[in-house]
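Since the structure comes first, as C-alpha cells, the remarks are kept for the end.
The values are calculated or read from the model by the stated rules, or taken from the named source; none is laboratory data. This structure is a prediction, so every number in the text was calculated from the model and none was measured. As a convention, Cβ positions derive from the backbone with ideal geometry for all residues, glycine included, and neighbour counts pool all protein chains shown. Calculation scope for accessible area: heavy atoms of the full protein, side chains included, ligands and nucleic acids excluded. Shrake-Rupley method; radii C 1.70, N 1.55, O 1.52, S 1.80 Å.
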Amino acid sequence: MRTSRIVAIGAAGIVAALALSACSSAGNTGSNGSTPGTIGKVDGKGKTLTVWAMSGDYGDAVMKQINDEFTKQTGAKVNVQTQQWDGITTKLTTALGTSTPPDVVDIGNTQVAGYANTGGLMDLTAYKNQLQQGGTWLQSLSGPATFNDKLYAVPSFAGNRAVIYNKKMWADAGITAAPTTYAELQSDLDKIKAAHASEADFSAFYLPGQFWYAGMSWVWDQGGNIATSSGGKWTGAFSSPEAQKGLTAFQTFQNTYSTKASQTLNTDTPNEDQIMADGKASAMIGALWDAGVVVKNSNGKIAESDLGTFALPNTAGQSGAAHNFGGGEVWAIAQKSKNQDLALVWTKIAASVPIQNALAAQPWIPNTVELAAEWAKKATPITQGFYDAAGTTMGTPPAPGWGTIEGNKNMEQFFASIASGAKTPADAATSMDATLNSTLNG
C-alpha cells in the first residue's frame, strides 16, 4: 500500500533479485466457460467492463492506453470509476459482496488477503503464467498477492524506501560522501546535529514516531518480524528478542536525531516533505516521489541538484542496505463479476510491458525484475538510493486481518508509543502482539 499520491521528478525502477512466489491450485473457469489457465480472444461487443482505480494511481494517459488496447482486442468499452482512499476498505468490501460488483479493482498490495479470505476475489492461480507474460514479478508485490498458496491479484507497480538527504547541507558540515555503513551514518548525523545545535526545531534525520514503514527497518535488520505463521495461524512477534533489540535501536536513533515533537507524529501532519523543504531537516526516509515534492515545496530554495539519495545502511551493522518496506498496487478481479473473461484480458494488458514502461515514466516502479533492471540504467542521484535498497524489500503479513490492523492504525500507535517513551518496547510489544493475535486470523 502507498501513503502518498504525488507524482514527482525523475523516473525509476527497482533492481531486485527477488524470487517469484510459488503458487498452486486451479483457478476459476472464465465467465464464458473458457478453459481455466487460458486468456484468449473474447468478443465483448456491446459489453462494458467496470474498473475501480484509486485516485492518483494512474494518469489519464496510462488509463487511456490500457482501455484503447482493450477495446481494440475485445470490442468492449470500459467504465473507469475513480475511488478515494478514505473509507475504501468498507466500500470495496460491500461492493464485492453484491451481485454486481466492479469487475476489476485497484487495491493496495497489503490488503489482498483480507478480500481473498472473505471470498470477494477471483482465484487467478491457473492464469498466472499468462498474466506474468514472461517476466518475474517483484516479491514485494507477488507475495502479498498470494493467499493460502493461491494468486488473487496481479502486480501493477511497486515502491520502496530510501534516505533522501540535502547534499549541500551535509557538505557545509564537512560531509562529502553518502554513508555506506550504519556507523558512518551516525557519525555523519552527529556532525550535522552539532552544526545546527542552536536550532531547537531542526532534525539531523527527521523520523516521525508513527512512521512504522521506516521503523520496521530496525526490526527486520535484527531478524525480527511483525508476525509469524505456523499451521495456518498467525502470531504476533514483537516480543521476540530480535524484535525487541530492533525496537530499542529504533527508539535510540529516533530520539537522538529527530525532534522531540516528532515522536508522536506521522509523516503527513506536519508533512515531512515540507519540513525538509523548509530547511528543518537534513535527511529523511521517503519514497520515490518525495524528493520532487521537497524541491517543489521549497519555492526555489532547494534545487534538484542539492538533493541525493542513499539506501539506509543495515541498522544491525551488517553490510549492505537495511531491510525496507515494499509497497505498491495490484489489480484484482471480483469473484462475482459477470465479465471475468473480459476482466482477465484487461488485467493482462494492464500488467504488460508497454503499460509498465508508461507507469515507470510517471515515475512508478515496474512490476518485474527484468523491467526494473532496464529502468535502473537511467538512475540519477535522486533515484539511485532506491535501486541500492531494492534487494532488501519486505512486506506485511499476508493475513486476512491485516487490513484491520492498517485501518485501526495499530502500527502507528505502537511505534509512536515507543518513540515517545509512553511505553517500554517490551510493554508495547506485549500489547501489540495481543492485538495481532486477535486480529490477524480474521
* To do: Name, by its number, the condition in (1) assigned to a loop (DSSP other than H, G, I, E, B); (2) open to solvent by 10 Å² or more (accessible area, probe 1.4 Å); (3) within 27 Å of Lys167 (Cβ to Cβ) that does not hold for Pro363.
  => (2)
* Asked: Considering region 219-233 alone, what residues qualify as being open to solvent by 40 Å² or more (accessible area, probe 1.4 Å) and either in a strand (DSSP E or B) or modelled with pLDDT of 95 or more (or both)?
  -> Gln222, Gly223, Asn225, Thr228, Ser229, Ser230, Lys233
* Asked: When you go through Asp57, Asp68 one by one, which is the residue that is in a loop (DSSP other than H, G, I, E, B), of a type outside the set (Ser, Thr, Tyr) and more than 12 Å from Val345 (Cα to Cα)?
  -> Asp57
* Is there a residue in region 389-406 that is free of Cβ contacts under 8 Å to residues at least 60 places away in the same chain, within 30 Å of Ala249 (Cβ to Cβ) and either open to solvent by 10 Å² or more (accessible area, probe 1.4 Å) or out of contact with any Gly (no Cβ under 9 Å at 6 or more places or on another chain) (or both)? -> yes
* Tell me, yes or no, whether region 155-174 has at least one residue that is more than 25 Å from Thr383 (Cβ to Cβ) and among the hydrophobic types (A, V, I, L, M, F, W, C). => no
* Got a sec? Which helices (runs of 4 or more DSSP H) wholly within region 84-183 have at least 2 residues that are buried (at least 24 other Cβ atoms within 10 Å of the Cβ) and aliphatic (A, V, I, L, M)? -> 112-117
* To do: Taking the residues in region 320-360 that are touching a Phe, Trp or Tyr at 6+ places or on another chain (Cβ under 8 Å) and among the aromatic types (Phe, Trp, Tyr) as candidates, determine which candidate is modelled with the highest pLDDT.
  => Trp346
* Can you work out which of the residues in region 234-248 that are open to solvent by 20 Å² or more (accessible area, probe 1.4 Å) and within 23 Å of the chain's Cα centre (by Cα) is farthest from Gly317 (Cα to Cα)? => Trp234
* Structure fact -> Taking region 46-74 and keeping residues surrounded by fewer than 20 Cβ atoms within 10 Å (Cβ to Cβ) and among the small types (Gly, Ala, Ser) leaves Gly46, Ser55, Gly56, Gly59, Ala61
* For region 278-313, which residues satisfy the criterion of being buried (at least 21 other Cβ atoms within 10 Å of the Cβ) and polar (S, T, N, Q)? -> Ser282, Thr309
* Has region 407-418 got at least one residue that is open to solvent by less than 30 Å² (accessible area, probe 1.4 Å) and either at positive phi or over 21 Å from the mean Cα position of the chain (by Cα) (or both)? -> yes
* Structure fact -> Going through region 184-209 in order, the residues found to be open to solvent by less than 70 Å² (accessible area, probe 1.4 Å), under 31 Å from the mean Cα position of the chain (by Cα) and charged (D, E, K, R) are Asp188
* Asked: Among the residues of region 35-45, which ones are open to solvent by 30 Å² or more (accessible area, probe 1.4 Å) and of a type in the set (Gly, Ala, Ser)?
  -> Gly40
